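All remarks here apply to the structure that follows.
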Amino acid sequence: MTILVGYLPTPEGEAAVDAGLREGALRSERVIIVNSPRRGAPVDEHKIDDDASTALLARARAAGVDAEVRQPLHDDDLPETFEELVKETGGTLIVIGLRHRSLVGKFILGSEAQRILMEASVPVLTVKAPR
Amino acid sequence: MDISPILNGFGVVMEPTNLLYCLIGVIIGMLIGVLPGLGPGATIAILLPITYGIGPVSAIIMLAGIFYGAQYGGTITSVLLRLPGEASSVVTVFDGFALARQGKAGTALGIAAIGSFVGGTVSIIGLTILAPVVAGFALDFGPPEYAALGVLGVLLISSVGNGNKLKAIIAACVGLLIATVGRDTFTGAERFTFDSLNLAEGIDFIPIAMGLFGLSEILYNLEERHNQVHAPAKVGNVWPSRQDLGQAKGAIGRGSVIGFVLGVLPGGGAVLSSLAAYAFEKRRAKQPERFGKGAVEGVAAPETANNAAATSSFIPLLTLGIPANATMALMFGALLIQGIQPGPQLVTEHPDVFWGVINSMYIGNILLLIMSIPMVGVFVKILRVRPAILAPITVLITLLGAYTVNNNVYDIFLVIAFGLLGYLMKKFGFEPGPLVLAFVLGSMIENSSRQALLIFGGDPTGFLTRPISGTVLALVVLVAVLPLIRKAVRRKTAAADGVPVEEKTP
C-alpha cells in the first residue's frame, strides 16, 4: 500500500510533499514521489535532478517515512500515468498541489489537477501552497 | 598586397544594416546550433527565399553567420546535456559532458567559446591572405579547367565524405541527372520536360535545397522519439582558470591548423575536422587515458577545429566557385540568386561582396564570443520547446518561403516532392549532400565542357593537353583509382600474413 505524491519544484509541489509525508507517517505507508516530465522536448524545466531527489528522500527519512522518487515520462495524459502507478504499486491515496488560476487561464487551458481529481480511482488529497 | 579593398570591406561590414544582419545571422546560428535536429544546412535552405528581399552582401553575411554561429551553439548542448546539437560537436560530448559532471560545465563552455573564437579568427586571417592568391591563380582558368574542376569536385565530395561511398556516388549521379532537366541552353532542345512548361525552365536550386535539406530533415527528426528528458542544467562560472587555459593552449593552436586545412578540402568540413583534431590530441597526449574523463584539450581541439573549418571552407567557394560541402552549396545557390557568379572574378568584380563577407566573420566571431559566454542560459531555454510545436511552424515557414520566390504553387509541390525524396534517402542511408552538390556543379560541368569542345573544335584531347585541366584530370583519375589500389595492397598484405580477408562492404 502506497501513497502517490505529485511533485514539481514549485511551492504547491512542496506543500504536496509535506502533506504526503504526514499522511505516510500517519498511515505508516510507503510514499512514492512522482516527478513526471513531459515527453518530447529535450529539457523539461520541472524535472528535478539527482541532487534534488536526494534532498526529497532526506526529508522523507527525517519524517520517518519510507519513500522513493519516480520520474516516468508522460505524453499528453498525466492522469493516466497516475492511474498506472496506482495499479502497479497498490496506491491508496494521491496527493497533489493545487494552484489558483485566473478565469482566462481556466478558459483556455485544461487543468491536469482537475482531471486527476475526476479520473483517479482512489481518493485524492489536494493541498494549497502556504500563503 | 593591396590592402585598400580589405579596408573597404570593413567599411561595408560597418554599415548598420550589415551589422544588423550579421547579428541576426549569428543569433539564429546559435539557436539552431543548440536545437538538436535542425542543422545549419536546413536553416540556410529554409531561409534562402528571404535573401531575395535583401542585398547580396547582407544576405551572404547573414547566411555565413548562421553557419559559423551554429558551430558555437552545438557545443552548449553537448556539454550540458550530452546531446550534440550539431554533427560537428559529437566528439565534444565525451570530455565536455565529463567536465560538466565534475561541476566544470562553465569551464568547458568557456574554453570552447575561446577556442572557437581563436580557430575562427586564425582561419579568417588565412582566408584573407590565401583567398586573393588562389583567385588570382584561377583567373587563368577557362571552360576546360572549370569542367575538369567540376568533375573533380563531384568525385571528391562523393568519395571523401562520411558514409557509404557507393551510395554517395549514386546520389551524385541523380543530382547530375536532375541538372540536365529543362531547355538546353545551347540548342534549345527540351530534355526530360515531359511537355510541362514548369519543367522546361529547369528545376530551380531553391526548391531542391529546401526540400532535400529543410523539409526532409524536419520529417526525419519527427520520427525520433525523445525518451530521455533532462533536468535543466545549471551553469556556473564560465571563465576558465589560468591553469585550464594553459592546458588548452596547445590544443587550440593545433585545432586551428587542422580545421583550416581540412575545411578547404572538398567533402571535409567541420564534422571531419573536429573528429581529426580530437583523434590527434588524444594520440599526442602524454596521458591519453585522461580523454573521455574530462580533459580540457578534448573540448578545446574539436571546437576550435570545427570553427576553423567552417570558415576556411569558404575559400574554394569564393575563389574557385566550387562548393566544398553541402552547406557551401547552399551559399553558392544564395549567391546565384543574387545574380553573382562565385568564382575567381568575384574578388575583382564584386570586391564589396568578397571582402564584406570575409570581414563580417571577424565581427561575427566577436559577437559570438560576447554572446556565448554570458548568455548560455538564454539559449538553453530553447530546448524546452517540443518538436511537436517546432516542426509544424518550420514546415509552414518552408512552404510559404518556397511560394514567395516565384509566387508559384508548383514550387511548393516541388519542395514537398524533394522533401519526401530526401526523407527516403536518409531512411535508406543516402546523404542528400552529394545530390545537391552534383546538381549545382552539374550545369557548370555541362556548360563548361560544351564551351570547351566548341573552343577545341570538337576535339576532346584538348582537355588533356592544356596544363591546368590536364593536371586536374590526372587528379580525378588518382582520386578514383587510389582507394582501389589501397584495397588491393591491403588484400595482398593480408593474404601474405595468412589472414583471411574480410570483405568490407563499400
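Any read-out appearing in this document is the output of simple, stated calculations on the displayed coordinates, not a laboratory observation. Computed from a predicted structure; not experimentally measured. Don't worry about glycine lacking a Cβ; one is built from the backbone with ideal geometry, like all the others, and counts go over all protein chains shown.
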- Message: One quarter of the convex hull surface, Cα atoms only: what value does that give for the protein assembly as shown in nm²?
- Response: 36.8
- Message: Cut-off under 28 Å on the C-alpha distance; same-chain residues fewer than 8 positions from residue B:293 excluded. Which lysines are left, in chain and number order?
- Response: A:47, B:104, B:234, B:249, B:282, B:381
- Message: With every atom except the alpha carbons ignored, what do you get for Rg and Dmax of the stretch B:304-393, in angstroms?
- Response: 16.8, 48
- Under Stokes-Einstein, with the Kirkwood radius over Cα pairs standing in for Rh, what whole-number D in µm²/s applies to the stretch A:27-68 at 20 °C and 1.002 mPa s? 184
- Based on the alpha-carbon gyration tensor of the stretch B:172-276 and its eigenvalue square roots a ≥ b ≥ c, which shape applies: rounded if a/c is under 1.5, prolate if not and a/b is larger than b/c, or oblate? oblate
- Note on the structure: For the stretch B:361-500, the Debye formula with one identical point scatterer on each Cα and no solvent gives log10 I(q)/I(0) at q = 0.11, 0.15 Å⁻¹ as -0.93, -1.06
- Taking N as the residue count of the stretch B:30-69, its alpha carbon Rg divided by 2.2 N^0.38 Å gives 1.14
- J(HN,Hα) series, the stretch B:113-126, from Karplus relation 6.51 cos²θ - 1.76 cosθ + 1.60, nearest Hz, glycine and proline x: 5, 5, x, 4, 4, 5, x, x, 5, 4, 5, 5, 4, x
- Mind grabbing the base-10 log of I(q)/I(0) for the stretch B:62-120 at q = 0.15, 0.23, 0.25 Å⁻¹? Debye formula, identical points on the C-alpha positions, no solvent, two decimal places. -0.38, -0.83, -0.95
- Task: Search the structure for amide H atoms under 5 Å from the amide H of residue A:67, placed 1.01 Å from N in the peptide plane, and list their residues when 5 or more places away or on another chain.
- Result: A:31
- the stretch B:433-457 versus the stretch B:296-329: alpha-carbon centroid distance in Å: 25
- Cα pair count fraction exceeding 20 Å, expressed as % - the stretch B:91-248: 75
- With +1 on each Lys and Arg Cβ and -1 on each Asp and Glu Cβ, how big is the dipole of the protein assembly as shown about its Cα centre, in debye rounded to the nearest 20? 1560
- Using the 2.2 N^0.38 Å rule of thumb for compact globular proteins, work out how the stretch A:3-77 stacks up: its C-alpha Rg over that value, please. 1.09
- Message: Give me the net charge for the shell around residue B:212: Cβ to Cβ below 12 angstrom, other residues only, Lys and Arg +1, Asp and Glu -1.
- Response: -1
- Task: Any chance you could list the semi-axes, whole Å, largest first, of the equivalent ellipsoid that the Cα gyration tensor gives for chain B, using √(5λ)?
- Result: 35, 27, 25
- Task: For the stretch B:378-506, build the charge dipole from Cβ charges (+1 Lys, Arg; -1 Asp, Glu) around the Cα centre, then report which of B:467, B:390, B:435 sits farthest towards its positive end.
- Result: B:390
- Query: What lysines sit close enough to residue B:427 to cross-link, taking a C-alpha to C-alpha distance under 28 Å and skipping anything fewer than 8 places away on the same chain?
  - Reply: B:165, B:167, B:504
- Message: Against the empirical 2.2 N^0.38 Å scaling, what ratio does the C-alpha Rg of the stretch B:223-355 come to?
- Response: 1.34
- Item | Calculated diffusion of the stretch A:13-131, Stokes-Einstein form, Kirkwood radius summed over Cα pairs, 37 °C and 0.692 mPa s, µm²/s | 215
- Which percent of Cα pairs goes in each bin when the distances of the stretch B:149-204 are cut into 5 angstrom slices starting at zero? 4, 19, 21, 16, 14, 13, 10, 3
- Query: From largest to smallest, what semi-axes in whole angstrom does the stretch B:1-99 give when each is the square root of 5 times an eigenvalue of its alpha carbon gyration tensor?
  - Reply: 30, 16, 10
- Convert each backbone phi in the stretch B:210-221 into a coupling constant with the Karplus relation 6.51 cos²θ - 1.76 cosθ + 1.60 (shift: θ = phi - 60°), then list the ³J(HN,Hα) values in order as whole Hz, x for Gly and Pro. 5, x, 5, 9, x, 4, 5, 5, 5, 4, 5, 6
